[in-house]
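Colleague: The structure is given below, and queries will be raised subsequently.
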Amino acid sequence: MSLTKKNITQATIFTGLVWFIVVFLIAPNITTVTDVFWQDGEFTMRAIERMRNAPRAMQALRNSFIIAPVLSVTVGFVGVTLVLITDYFKVFGAKILRLGYMTTLLYSGIVLVSGYVFLYGNNGFVTNILVQIFPNLEQDWFSGFWAVLFVMTFAATGNHMIFIRNALRSVDYQTIEVARNLGASSFTILWRVVLPVLLPSLTAVTVFTFLGGLSAIAAPLLVGGPDFRAITPLILQLSRLQGSRDIAALLALILGVSSILLIAVFSLLEKRGHYLSVSKVKTDLVKQKIRNPVVNVFVHIYAYVLFLIYISPVVMIVLFSFTDSRTIARREFNFSALTLDNYIAALTQNFSPFMTSAIYSFLAATGVAVLMLLVCRIITKHKGKASTAIEYAFMIPWLLPTVLIAWGLVATFNRPQWFMFNQPLANTTTIMVLGYLIICIPFTLRMTRASFFSIDDTLEDAAKNLGAKPMYAFLRIIIPVILPSVLAIFALNFNRLLAEFDMSVFMYNPLSVPLGVEIENLTMAGDSGGDSAELVFVYTVIIMAISALVLYLVYGRNSKIGID
Amino acid sequence: MPKIFVKLLGFISVLSCGMFLFGCNQDGSQEQAGDGGGGNMVVLYSNALTDGRGDWIAERAMADLGIEVLQVQVGGVDLANRLVAERDNPQADVVFGLNPMLWWQLQHNDIIVQHVPPWANEIPVGNHPNGLFHAVILVGNLLWYDQNQINSAEAPGDWPELWQNPTFHGRYAVPDTLEGSTVQMVLSGIFNRYIDPNGHLGISDEGWENIAAKFRYGVSSNQDMAAEIAGPSGAVMSQIWSHGIPVREEQFEINAGFVSPGVGVPFSIEGVALVNGANNPDAARRFIDWFGQAEIMHEFSAEFGFVPAHPDALEGLPPFNSVIAGLTHQQIDWDFIAPRMGDWLEHILLNYMQ
């Protein structure tokens, strides 16, 4: 009896997942791809030809494939050292340092890069200082590959500060002590004992660094200059031109397939086994003192230089958010120009877009968290072709730019479809939440899956031997272990969706305008109200404050849940 | 541990209730909207409702017609894409704004349908010949400069001088995106001079060389053109849409001068049109008939600094509006240009953008 019941439950869940994949991931994208590649009734691959005849576009594609692997290395190095500074070694002021390093979790994109441009760009603070020291330095020295690499290296360590840190907590301190008693040096311990535990999370995070490099928009646009164009800004523009969506889709497919190949390689590496602590009673990590005084001084200098690099763009953005657009355009900051008017203007606006986006983002971030927990549970418990297929199917959203996914969803679901029970979804809340959820799937899946590696299978087996039902064991044993990561993923998704634009603009309902659209409309150039660059900064600061609050409430405060 | 379990359960149940209630509420209101039929509601899709214009229209439409206006304000390119994506089940009743190329796109995809309002024959320029859309606002797309940084004697007399005369290299800004209406209008004005049915994509080699040079010698900018001119990049000239000038002069302490080329200025037509398959066609027609009249257009233009397409609406507006209205319109072959613009933009993106 219990066996059949279990089978029925499993079959239901499996059918549900397949339905979700077919209806929301495959069908809309087929709509898009057919619409894009079938022109005048026949399949065309003219896109390949048009692209190959465009050397600048090909160069941009190459640039993206250069920056992505280089970034994976630089971000990986910086990211891991950040975590070691704040949580592994005894470094003076680690708590303050951590706050500084975590600022990249709060802001991104154009505004983040603008913060760097205020410092290092034409007439920037650092540039002006450097020009006094080196009079031959060009004002626009901060441009090209190295500038992009610099900005993106420091902009992309946010995930490390959460997920590598979570992984570091699962290091069993006893293993470190044993290694030391056996005569291992600090470096050997780090390399042979600590790093292997971080590896599953590091590979998962590195996939996103690589992807972030491929899909970089803001940094190449703002500091890449004519010498370092990247492909994604081009894809974004092409995807909005009706006749060029085939090239956009093709380029996006190239990026998406490369990312998935990378994941396949990493999955193989993961399968070759990874270190798991044998201890059932883990001991909390004790911070390591750096014994060599020279190294100690060097580490402190490194830590505080990084701190300055991280914190100064934020300071710039906050300061400039209190000025006006003329000051921002001229980059001539002075304290007499500070005003509260921007904040008064922003905060006296209608607040409903904040609420609308908070509700949409909450529903989508929660939905995707629950769904991906289920999927990860299935693919880690039932290894096989079906579960591998499910895993890869959930990476489909990586294959197309958001604009085209949105287009597919609207074009598919604005008429009744039998597989959607004949419910048209145009302009409904449901389609917005679905769209938001879909674009969060790949990140959520990868990071949740990585956190499953920190689960000790024997714990669950023990619970079952003691009579716990599978569901009970899952909720009481598995969930508590991975909860910090799941909550962090939830917070990151929520923050990312709060000001989402590309998806929203296609499907928002006029009765409930989301924040991303509202901000764009309030700040967009092309109106008679003049430039409103300062409002962009103001909204960024407000959203940073909300994001910080969400991270603190969801993740920061209870970050010890998992190890109690 | 049990606390987590309880929390999680609570969380999920609150969530599902929330999703259910919120979903019902929203979907319900949309359905109600659909039931309005020919009643008193209009869903207005536009790229021209920012800065309080949408609310102004909504308030006046409610007062004058008793029609409730629901606004969807989206940038022009995204707006046209959204309308095309929704074509099997249109959500919009009326479209307002856009430019000749986007109007062509809507027409080409059967998104808009004929409706000739009573004021149509009073509009001298800009109406669609078959009555698919009608002009309400005129926007001049100008080459402007800051007279504090370059005096009018030094300034160029027409667009091609910017890239053909080396003294102007690095002194004009070009936007780093081709999505805006102004950038496309300015390009139309240039392409129109080099039409050659035998050339690549219908443009002569000389034309493509000029386009390439325009991007090569310009300062690529991701910010407001006025901010770029006021900023440290060295650019002192750029494109601008006519009603964007007065506010920016003040905002950036720019002393504006603008060029009036011999071939004329490319003018965008912001129009108004009825959507094919609109849910509220009767209200939509009443709205269009009301919106384009001289009196409403006069008030609207006075409030927001526009140049109205209706000549009677121009009287009593500030002198700047009359200056813009008095500029020569460049004659542009839209039948040739509009269908090809997408290919040309792609060619520029793939080959010439810095």
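The values are calculated or read from the model by the stated rules, or taken from the named source; none is laboratory data. Treat the numbers as computed from the prediction; the structure is a model and nothing was measured. Cβ coordinates were reconstructed from backbone atoms using ideal geometry, including for glycine residues, and neighbour counts include every protein chain displayed. Areas reflect the complete protein model, heavy atoms only, side chains present, ligands, DNA and RNA absent. Shrake-Rupley method; radii C 1.70, N 1.55, O 1.52, S 1.80 Å.
Colleague: Sort out for me the Cα centre separation of the range B:47-111 from the range B:264-301, rounded to whole Å.
Modeller: 10 Å
Colleague: May I ask you to rank A:Lys383, B:Lys214, A:Lys464 by accessible area, largest first, using a 1.4 Å probe over the protein chains only?
Modeller: Reading off the accessible areas and sorting them downward yields A:Lys383, A:Lys464, B:Lys214.
Colleague: Which cross-chain or sequence-distant (5 or more) residues have an amide H under 5 Å from the amide H of B:Gln147, H modelled 1.01 Å from N in plane?
Modeller: It is B:Asn255, B:Ala256, B:Gly257, by chain and number.
Colleague: Determine ³J(HN,Hα), in whole Hz, for all residues of the range A:328-334 in sequence, where each value follows from phi through the Karplus function 6.51 cos²θ - 1.76 cosθ + 1.60 and θ = phi - 60°; x replaces Gly and Pro.
Modeller: 5, 4, 8, 6, 10, 7, 8
Colleague: Counting Lys +1, Arg +1, Asp -1, Glu -1, what net charge surrounds A:Ala411 among other residues with beta carbon under 14 Å of its beta carbon?
Modeller: Surrounding charge for A:Ala411 is +1.
Colleague: Over both sides of the B-A contact, add up the buried accessible area with a 1.4 Å probe and give it to the nearest 100 Å².
Modeller: Accessible area lost upon association: around 6300 Å².
Colleague: Quick check: net charge around B:Val219, other residues with Cβ under 9 Å of its Cβ, Lys/Arg +1 and Asp/Glu -1?
Modeller: 0
Colleague: I've got another one for you. Rg/Rh for the protein assembly as shown: what does it come to with C-alpha atoms and Rh from Kirkwood?
Modeller: 0.98
Colleague: Another question, if that's okay. Step through the residues of the range B:70-86 one at a time and calculate ³J(HN,Hα) from phi using the Karplus curve (6.51 cos²θ - 1.76 cosθ + 1.60, θ = phi - 60°), rounding each to whole Hz and writing x for Gly and Pro.
Modeller: Listing the rounded values in order: 9, 9, 10, 9, 9, x, x, 5, 5, 4, 4, 4, 5, 4, 5, 4, 8 Hz.
Colleague: At 7 Å along Cα-to-Cβ for each site, give me the label-to-label distance between A:Ile8 and A:Asp40 in nm.
Modeller: With each label placed 7 Å out from Cα toward Cβ, I get 5.8 nm.
Colleague: May I ask for the distance between the Cα centers of the range B:112-126 and the range A:192-254, given as a whole number of Å?
Modeller: 47 Å
Colleague: What is the percent carbon and sulfur in the accessible area of the range A:58-320, measuring with a 1.4 Å probe over the protein chains and ignoring ligands?
Modeller: Carbon-and-sulfur percentage of accessible area, whole number: 70.
Colleague: Next question. Which ³J(HN,Hα) values, rounded to whole Hz and listed in residue order, are derived for the range A:438-454 from phi using the Karplus coefficients 6.51, -1.76 and 1.60 in 6.51 cos²θ - 1.76 cosθ + 1.60 with θ = phi - 60°, glycine and proline given as x?
Modeller: Going residue by residue, I get 4, 6, 8, 4, x, 4, 4, 4, 4, 6, 5, 4, 4, 5, 5, 5, 7 Hz, with x marking Gly and Pro.
Colleague: Just by accessible area at a 1.4 angstrom probe, what is the order of A:Phe228, A:Phe92, A:Phe419 from largest to smallest?
Modeller: Output order, biggest surface exposure first: A:Phe92, A:Phe419, A:Phe228.
Colleague: Among residues other than B:Ala256 whose Cβ falls under 11 Å from its Cβ, what is the net charge (Lys/Arg +1, Asp/Glu -1)?
Modeller: Combined, the nearby Lys, Arg, Asp and Glu give -3.
Colleague: Can I ask one more? Given the pairs A:Lys287/A:Lys383; A:Lys385/A:Lys469; A:Lys289/A:Lys381, which are separated by over 32 angstrom at their Cα positions?
Modeller: A:Lys287/A:Lys383; A:Lys289/A:Lys381
Colleague: Let me ask something additional. Compute the separation of the alpha-carbon centres of the range A:112-149 and the range B:321-354 and state it in Å as a whole number.
Modeller: So the two Cα centres are separated by 36 Å.
Colleague: Still on this structure: Ranked highest first by average number of other Cβ atoms within 10 Å, how do A:448-460, A:258-270, A:111-123 line up?
Modeller: Packing order, densest peptide first, comes out as A:111-123, A:448-460, A:258-270.
Colleague: Then there's this: How many Å² of accessible area per residue for chain B, probe 1.4 Å?
Modeller: In whole numbers, chain B has 38 Å² accessible per residue.
Colleague: Turning to a different aspect of this structure: What is the set of long-range amide H partners of B:Met41 at a cut-off below 5 Å, with H atoms built 1.01 Å from backbone N?
Modeller: Those qualifying (amide H under 5 Å, at least 5 residues apart or on another chain) are B:Glu68.
Colleague: Could I ask something else about it? Shielding of B:236-247 by partners, i.e. mean partner chain Cβ atoms within 10 Å per residue?
Modeller: Averaged over the peptide's residues, the number is 2.
Colleague: If you place +1 on the Cβ of every Lys and Arg, -1 on the Cβ of every Asp and Glu, and leave all else neutral, what size is the dipole of the protein assembly as shown about its Cα centre, to the nearest 20 Debye?
Modeller: In debye, rounded to 20, the protein assembly as shown gives about 6000.
Colleague: Right, here's the next one. Provide a list, ordered by number, of residues in the range A:420-451 showing at least 30 Å² less accessible area with every protein chain present than when their chain is taken on its own, using a 1.4 Å probe.
Modeller: When all protein chains are present, A:Ala426, A:Asn427, A:Thr429 each give up 30 Å² or more of accessible surface.
Colleague: Applying a 10 Å radius around every beta-carbon, put A:320-331, B:269-280 in order of their mean neighbour count, most first.
Modeller: Order by mean packing, descending: B:269-280, A:320-331.
Colleague: A further question follows. At 1.4 Å probe size, with every protein chain present, just tell me what the per residue accessible area of the range A:28-150 comes to in Å².
Modeller: On a per-residue basis, the range A:28-150 sits at 49 Å².
Colleague: Specify the residue with the greatest mean-square fluctuation among B:Gln164, B:Gln184, B:Gln293, computed from a Gaussian network of chain B linking alpha-carbon atoms under 10 Å apart.
Modeller: Its mean-square fluctuation being the largest, the pick is B:Gln164.
Colleague: If you build a Gaussian network model of chain B, linking Cα atoms that sit under 10 Å apart, which residue out of B:Glu299, B:Glu250, B:Glu228 swings the most?
Modeller: B:Glu250
Colleague: Then there is this: Residue by residue through A:363-371, how many Cβ atoms from other chains fall within 10 Å of the Cβ on average?
Modeller: Mean shielding count: 2.
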